[in-house]
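Below: one structure, written as structure tokens.
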Amino acid sequence: MTLATSDAAIDRSLEVLSGHKDEWATLRIGERIRLLDDLIRRIDSAASRWAAAGAEAKGLSRGQMGEEWLMGPYGLLRAATALRSSLQRIAKSINTYDDRWVRQGADGRAIVKVLPVEWFEPVLLSGFRIDVWMEPLVTPNNLAEHTASFYKTPSPVGRVCGILGAGNVSSIPALDALSKLYVEGQVAAVKFNPVNDYLGPIFEEIFGGFIQRGWIRFLYGGAETGARLVEHPLVDTVHITGSTATHDRIVFGSGSAGENRRRFNSPLMNKPISSELGGVSPFIVIPGPWTEADLRFQAENFVTQKLVNGGFNCIAAQVMVLPEAWPLSERFVEHVHELMSAQPPRLAYYPGADERRQNVAGRSGALTVGASPCTYVDGTDHTDDDPAYREEFFSAAFVTTRLPGNDAAAYLENAIDFANTRLDGTLGANLVIHPATRSEFGDGFEATLAKLHYGAIAVNTWTAFNFLQPRAPWGAFPGHSLDDVGSGIGLVHNALMFDRPEKTVATGPFRPVPRAWLVGEFHLSPRPPWFVTCPTGALTAERFTRFAADHSPSHLPGIFASALRG
């Protein structure tokens, strides 16, 4: 753990930021772009050290390092290059998006395709797509009025944002800072979580250009440092990635007095606060004519969602929702069990992880499998007020439940109602559906997704894919309040700078190549490199990262050679 930043050093850092916040707010776009160019070069230079530091801290083998490449330097490079593209468009007085990406939803809202939009995405991410659904009152005709508002402000006023960084995913503090700097025009004081403050020297190197000019500072320490930061009179706004409990302590105070203030929505802190607070993520399996190979591949998808980063992800799948009338439900769970059992060990590096998993292991019928290990309870009652539906495990643990429904449509309606009303949080939901079943829904499938109240939805992929695509806004479904904050308030990432998005919907291939070709599905995606079962995932992820730095076609042969061996 890095030595905590002293109170005097915090004061000095905030004085510098406060003194330069108006300069940043009014900085010319060309200079903002030059800073991003410098940032991209610095990330590329530090990428190997960044990924290696994360792997060492988390006890990952060389073969498991792919997730540190993707959740670290890759994610930040993608964000920086996407923001640069948006600024280049703003400099030409055109929208951050292309009108060809925009369509009108059945209810009139604007739906914007944000992937694939760059030349390489149909190739490197073949078969994947992300759409951003705006709030219902934002239509194709008025979308421009709700985009890039900061850059349309005649006389922008600078603000200092105090950011409490996440300890699990290494790129989150940097991504949050970029969002505040470039989308909202705020300078940032970023406090590292003690879990990953070993990244401090790397981040200070990467953001050297911003540090030199007084637009970002990094702080170290625990709760006391965080409290001094967010309560400081020179801090104008706050952003937190963490838990609901931490958010409520900041806003309302601790103990019974804090709970009373929350109950009556009487906050101690009156500064604007944005947040991303996790939740209980469902993995909804929709019945259909699945083959044994389909079951195995989607089981790999689930196991990845549960084990990547040791399960310490705010969108790690926690409740597997299965159709009780589908004969293949039991076989799907068997595949998950077998794959979990075969996974190599992982370090439970996050504080309290073993205790949280052991709480699940103490339940009746719990099974613990594999060297990680992972614990699950098969067959929780969907009519109960089960703790697994209300409390994020944030560890290698999950439960399953089975819902009624005479057909896929009736079952999916029940599953969406269950997710919306019984599971805590609105950050991310995952669904897997056979292409033939989806075809049976027709346009009704999109209408059904409209009922799912989550900020990120992934169909045949994982919501972590939404997270890593910078043009996809990231945050909870809108509508939470300070006294009932749920999965949070506000957005980050959002490189196209939309003011009022409601959700992002990602879709991916149901089957990998070459098996997909045998049934007439034409895409180029093999097993994704983020799958924990992908033998070449680490090498592919590293090559993806190098490509993200300069978008040179010279990287493509190496990426294809590695990916197709996965």
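Loop-located chymotrypsin sites (Phe, Trp or Tyr not before Pro) across segment 39-140 with a Cβ neighbour count of 13 or fewer within 10 Å are W119, with loop assigned by DSSP. Only Lys, Arg, Asp and Glu carry charge here, each on its Cβ (+1 for the first two, -1 for the last two); on that basis the chain has a dipole of about 1360 debye about its Cα centre. Here segment 326-409 yields Rg over Rh of 1.00, to two decimals, using C-alpha coordinates and the Kirkwood radius. Please list, in order, the residues from segment 410-448 whose amide nitrogen is less than 14 Å from a point placed 7 Å along the Cα→Cβ vector of V519. Once the point is set 7 Å along Cα→Cβ of V519, 432-440 turn out to lie under 14 Å by backbone N, inside segment 410-448. Helix 408-422 and the long axis of the chain differ in direction by around 40°, with both axes built from C-alpha atoms.
Rg then Dmax, both in Å and based on the Cα atoms of segment 341-382: 11.1, 32. Here the chain is scanned for trypsin sites (Lys or Arg not before Pro) in DSSP loops (not H, G, I, E, B) that have at most 16 other Cβ atoms within 10 Å, and the longest stretch holding none of them is 214-362. When both bridge partners sit in the chain, DSSP labels roughly 35% of those beta bridges antiparallel. Charged neighbours of V235, selected by a Cβ distance under 10 Å, balance to +1 (K, R count +1; D, E count -1).
Computed per residue of the chain from DSSP H runs no shorter than four, each worth -39500 (n - 2.57), the mean residue ellipticity at 222 nm is -11500 deg cm²/dmol. Here the calculated FRET efficiency for S481 and A227, from their Cβ-Cβ distance with R0 = 30 Å, stands at 0.85, rounded to the nearest 0.05. What area, in nm² and to one decimal, does the C-alpha convex hull of the chain cast on average over all directions? Result: a mean projected hull area of 24.1 nm².
Can you give the relative contact order of the chain as a percent, counting alpha carbon pairs under 8 Å and 6+ residues apart? Relative contact order for the chain comes out at 19 percent. Close amide-amide hydrogen proximity is noted between Q186 and L181, each under 5 Å apart and 5 or more residues distant or on a separate chain (H modeled in the peptide plane; Pro and chain starts excluded). Can you give the angle from 0 to 90° between the axis of helix 75-91 and the longest principal axis of the chain, with both taken from C-alpha atoms, to the nearest 10? The angle comes out near 60 degrees.
Between the alpha-carbon centres of segment 128-174 and segment 195-248 there is a gap of 20 Å. In order along segment 244-261, the phi-based Karplus estimate (6.51 cos²θ - 1.76 cosθ + 1.60, θ = phi - 60°) of 3J(HN,Hα) comes to 4, 4, 5, 4, 5, 5, 5, 7, 10, x, 9, x, 5, 5, x, 5, 5, 5 Hz; Gly and Pro are listed as x. Under 20 Å of direct C-alpha separation, and excluding same-chain neighbours fewer than eight residues apart, K21 reaches these lysines: K152, K180, K191, K271. Size descriptors for segment 281-444, from the alpha-carbon set: Rg then Dmax equal 15.2, 46 Å.
Just so you know, all these numbers are worked out from the coordinates, no wet-lab data involved. Not measured: the values here are computed from a predicted model. So basically every Cβ, Gly included, is an ideal-geometry build from the backbone, and we count neighbours across all protein chains shown.
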